[in-house]
Amino acid sequence: QVQLVESGGGLVQAGGSLGLSCAASGIIFSPSTMGWYRQAPGKQRDLVATITSGFSPNYADSVKGRFTISRDNAKNTVYLQMNSLKPEDTAVYYCNIIYRGMNYWGKGTLVTVSS
């Protein structure tokens with residue numbers, strides 16, 4: 001059974017930094033794509049960043065230059081380093097992997113950025 005466990009959310013002031021991590025278990029091979037999505041209150045879930053098994057990243061325009069995604073294939077873990085955080089970054093952040101053609105989601109971790 002594939003499981004994703006996120007950690008690292010919390011409360012931070014605007015301009016601050018926060019790091020998220022997500023460890024995948026129950027898998028044999030490295031996921032083809034790992035990433036992060038977020039959902040603010042009353043809004044749809046949107047892409048934040050993804051990274052392929054070949055370490056090619058993709059970012060939403062709103063986070064380019066501020067967020068960095070990385071992964072450790074040996075640990076089946078994906079990370080998101082968030083710098084220069086803004087109040088509009090406040091959301092529940094969800095980890096996502098594509099594994100053997102199927103999407104798997106974590107339960108989400110709340111990030112709150114105060115102004």
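A few points about this structure:
- Under 25 Å of direct C-alpha separation, and excluding same-chain neighbours fewer than eight residues apart, Lys75 reaches these lysines: Lys107.
- 12 Å cut-off, amide nitrogen to a point 7 angstrom out along Asn58 Cα→Cβ, residues in the stretch 84-114: 98
- Charge dipole of the chain (Cα centre as origin; +1 on each Lys and Arg Cβ, -1 on each Asp and Glu Cβ, all else neutral): 100 debye, rounded to the nearest 20.
- Largest-first ordering by accessible area, 1.4 Å probe, given options Leu47, Leu18: Leu47, Leu18
- Span from the the stretch 1-46 Cα centroid across to the the stretch 57-111 one, whole angstrom: 5
- For the stretch 32-83: accessible area per residue (Å², 1.4 Å): 52
- Compactness of the stretch 68-115 as Cα Rg over 2.2 N^0.38 Å, two decimals: 1.35
- In plain terms, if you count all Cα to Cα distances in the chain and split them into 5 Å steps from zero, the share in each step is 2, 13, 25, 26, 19, 10, 5, 1, 0 percent.
- Accessible surface of the stretch 1-109 [probe 1.4 Å, protein heavy atoms]: carbon and sulfur percent: 50
- Hits among aspartates and glutamates - C-alpha to C-alpha of Lys86 under 20 Å, sequence gap 8 or more where chains match: Asp46, Asp61
- Full-extension gain in nm, Ser84 to Lys43, via 0.36 nm per residue minus C-alpha separation: 12.5 nm
- Relative contact order, percent, the stretch 31-115 [alpha-carbon distance under 8 Å, six or more residues apart]: 30
The values are calculated or read from the model by the stated rules, or taken from the named source; none is laboratory data. Predicted model only: the values in this text are computed from it and were never measured. Neighbour counts are summed over all protein chains in view; Cβ atoms, including those assigned to glycine, are modelled from backbone coordinates with ideal geometry. Please note that ligands, DNA and RNA were not included when accessible areas were found on the heavy atoms of the full protein model with its side chains. Shrake-Rupley method; radii C 1.70, N 1.55, O 1.52, S 1.80 Å.
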